[in-house]
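The values are calculated or read from the model by the stated rules, or taken from the named source; none is laboratory data. No experiment lies behind these values; they were computed from the predicted model shown. Don't worry about glycine lacking a Cβ; one is built from the backbone with ideal geometry, like all the others, and counts go over all protein chains shown. Quick note on the areas: whole protein, heavy atoms, side chains included, nothing else; ligands and nucleic acids left out. Shrake-Rupley method; radii C 1.70, N 1.55, O 1.52, S 1.80 Å.
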There are 4 protein chains.
Amino acid sequence: MPKDTFFNLSESKRGRVVAAAIDEFASYPFHKASVTRIIKKAGIASGSFYQYFEDKKDLYMYIIKLIGDKKMEYLNYVLQRFDSLDFFQMLRELYLAGIRFARDNPKLDAIGNNLIKNSDQLYKDIIGDQKPMAIHFFEEMLQKGIEKGGVDPAIDTRLVAEMLLAINLSISELIYEDGQVNMNDMELIDKMLYVIENGIRKKR
Amino acid sequence: MPKDTFFNLSESKRGRVVAAAIDEFASYPFHKASVTRIIKKAGIASGSFYQYFEDKKDLYMYIIKLIGDKKMEYLNYVLQRFDSLDFFQMLRELYLAGIRFARDNPKLDAIGNNLIKNSDQLYKDIIGDQKPMAIHFFEEMLQKGIEKGGVDPAIDTRLVAEMLLAINLSISELIYEDGQVNMNDMELIDKMLYVIENGIRKKR
Amino acid sequence: MPKDTFFNLSESKRGRVVAAAIDEFASYPFHKASVTRIIKKAGIASGSFYQYFEDKKDLYMYIIKLIGDKKMEYLNYVLQRFDSLDFFQMLRELYLAGIRFARDNPKLDAIGNNLIKNSDQLYKDIIGDQKPMAIHFFEEMLQKGIEKGGVDPAIDTRLVAEMLLAINLSISELIYEDGQVNMNDMELIDKMLYVIENGIRKKR
Amino acid sequence: MPKDTFFNLSESKRGRVVAAAIDEFASYPFHKASVTRIIKKAGIASGSFYQYFEDKKDLYMYIIKLIGDKKMEYLNYVLQRFDSLDFFQMLRELYLAGIRFARDNPKLDAIGNNLIKNSDQLYKDIIGDQKPMAIHFFEEMLQKGIEKGGVDPAIDTRLVAEMLLAINLSISELIYEDGQVNMNDMELIDKMLYVIENGIRKKR
DNA sequence: GATGAATGAGGATTCATTCAT
DNA sequence: TATGAATGAATCCTCATTCAT
């Protein structure tokens, strides 16, 4: 947690620090990210940095938290309708929210993706339970879908949850493939959902 | 590419260097991996290292190439039957080969996974065309499957290729989840393929 | 010397600052003692510190002075009887007073001892004339003892004064040896004085 | 312990490093002693320093060991005659050896004295058993003196050992008092021994 | 080809002190 | 008078790489 001194800062300076950190962590993995560069970009003294944060990790974790909060803003709208939507509607909305978040906040998305996919112990420490929680959430969705009748009860919910998460995480890469957007969000989602719903076996 | 001096080395010394490098890169991300540690583990002089390799990246890329070659050994058996197997048989064999590779070579698998998932620019440089090639391969498989009639022609082959790759990459994590194996390979593959083939919509 | 602002402070706040400083200087040598820690312990603003004191050294010297004053309280009773006691009675009382001071004020004693024994230039600056004065005092005592007839006139008073001071300074270490008290004060003093009076040559 | 690389150094360079370190540690307490200054004085690269030593403490401990070895050179001559000398002859020789060491190696003496007197935990760690061992040695000398008949059996040997050590440690300060030498070694020793042998009570 | 000492830019972090409010 | 954010030189230390032997 950043120290009080950080939160007492003027909004503009705090914003500069956050922006500099986001820039840095989007460009370099944690160990290569340089406090010195962040300091320079933010235009603060090195001593100040350590009056705001315990250390580099403290700042990194704060940025991760910001990312989580920001992502939640995108997801909240969907989550509130957890009970009124059926499974496939819900999944569509979730993927869509993820895409929108990635489009609006490409750097945050990059940092977040790097974190969740990385197998480094440091990253595992930081990410903590978030990945298991995400899987659990998908599994619950599937369970409910089975109960309501929309989802095939023959599937292994845990396994499918992992598959859906893997696909979810690959979406932002899909979007920026080759640095250009190939299709619009809706089209992308529709095509993905078609496959998820129906599989890829030829229908008779 | 390592220099000629490296390939002129006695097999045992070359082996020590490779083993040390694999150990190191499996334990640390590129930037944290230490040339000094590799040198010590391999029992060579630091000067020698730079007579074998341009720099750390040169060694890393060589290891990546070794991993690719090794993986090919596992895949070749499948690829040779590209024409005789139908799409789903092929996919099953590919996933299975991937699992076997991961089980037999956990360190290589770790290095490879870390590489392909990482969004770091450095890693992108190193991985080069491999990911696009993998996607392209899946896409071709799908095309052929459509032509042969087993695969639904309504799908977007490129998109599905990406999805299949994302799932493929998540497999080794599935296997080692919680440090324990939850189901046997066949069961895992079967359940995954069931979903891929049929989707998760309830059948009437 | 602390600034006027410090002496204008409420007694409670001044006391907090002094206590925090004593704590700190008893725990760390001057260079390692941290103004920041003192500030925190005392609950004052860092800016305030420099409105009370010139710098860290200023505070340190003030604490040293406090220690001197405190020690004088213990010695005054003895010094007042300078004329009525003979040399050995006087020495006994002085050592005893020193022991009592150390027992009652272990932190002050620790700071003082560290100061007087240290050969660091900084410490020499701070301690100034105090050590020469102490030696001078012992020397005068010896002179008077010789005149009165109790003390052997063959000794080199200056040298013996130094020896007596060296012994005096080692007393507090003796007391706390191994963190435990080995003998009571009187016994300790008696045994020391016996040696000082009679030396260690076997008597015929 | 310094690394092999240090001992493989040319004598001249090793000498420069040692001289620079002695200079530095004689001028500053451990925490204030600067690796950077040592590096500059010795004319080596900062990286080299850490190829020779684990860290600053490693170098410091090595210097302490050098001091011990050097002091032993001065004491060995005396110690070899442990059995042939009586207590007071022995004590005289020991003090004399100490004085000679201090005169010949003032910087080493300063470092050593600072170490043994300092109450800092770091210094205690480094000095380890050396002080107890010194006291023990004095105590044994006293015991033997009592058995042989030269030393007063009424004394508390442990206490006197501590007193003798305290005096021993104060000798080098005596010598350099006011930066000038007041008397020659023999005279100093004789006067000290006179007091130690006979005490300071007037003889009838 | 082998060696391993030498290099030095760069790393994160500390801390006494200043100064604007 | 009180505050506490700002400062930046200085701290120890790391590490990939070079180069003379």
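The table for this structure:
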| quantity | calculated |
| --- | --- |
| Qualifying positions in the range D:15-30 - touching a residue at least 12 places away in the same chain (Cβ under 8 Å) and either part of a helix (DSSP H, G or I) or within 13 Å of DNA strand E (Cβ to nearest atom) (or both) | D:16, D:17, D:18, D:19, D:20, D:21, D:22, D:23, D:24, D:25, D:26 |
| Condition check for residue B:151: farther than 23 Å from residue A:165 by Cα, at the interface with chain A (Cβ under 8 Å from one of its Cβ atoms) and open to solvent by less than 30 Å² (accessible area, probe 1.4 Å) | yes |
| Those residues of the range B:16-33 which are within 12 Å of DNA strand F (Cβ to nearest atom) and open to solvent by 20 Å² or more (accessible area, probe 1.4 Å), in sequence order | B:28, B:29, B:31, B:32 |
| From the options C:48, C:12, residue that is surrounded by fewer than 16 Cβ atoms within 10 Å (Cβ to Cβ), within 16 Å of DNA strand F (Cβ to nearest atom) and part of a helix (DSSP H, G or I) | C:12 |
| Among (1) within 8 Å of DNA strand F (Cβ to nearest atom); (2) in contact with a Pro (Cβ under 7 Å, 6 or more places away or on another chain), the one test that residue B:36 misses | (2) |
| Some residue of the range B:82-94 being open to solvent by 30 Å² or more (accessible area, probe 1.4 Å), in contact (Cβ under 8 Å) with a residue 24 or more places away in the chain and closer than 30 Å to residue A:109 by Cβ | no |
| Residue B:193 part of a helix (DSSP H, G or I), within 25 Å of residue A:115 (Cα to Cα) and open to solvent by less than 20 Å² (accessible area, probe 1.4 Å) | no |
| Any hit, the range A:64-72, residues being touching a residue at least 40 places away in the same chain (Cβ under 8 Å), within 15 Å of DNA strand E (Cβ to nearest atom), of a type in the set (Val, Ile, Thr) and away from every other protein chain (no Cβ under 14 Å) | no |
| Any chance residue A:47 is over 23 Å from residue A:186 (Cα atoms), within 14 Å of another protein chain (Cβ to nearest Cβ) and either in contact with a Lys or Arg (Cβ under 7 Å, 6 or more places away or on another chain) or without any contact (Cβ under 8 Å) to a residue 24 or more places away in the chain (or both) | yes |
| Residue, nearest to DNA strand F (Cβ to nearest atom), within the range B:51-81, restricted to residues that are outside any helix (DSSP H, G or I) and surrounded by fewer than 17 Cβ atoms within 10 Å (Cβ to Cβ) | B:55 |
| Single condition residue A:56 does not satisfy, out of (1) modelled with pLDDT under 95; (2) more than 30 Å from residue A:150 (Cβ to Cβ) | (1) |
| Residue tally, condition within 8 Å of DNA strand E (Cβ to nearest atom), open to solvent by 60 Å² or more (accessible area, probe 1.4 Å) and within 14 Å of another protein chain (Cβ to nearest Cβ), over the range C:34-44 | 1 |
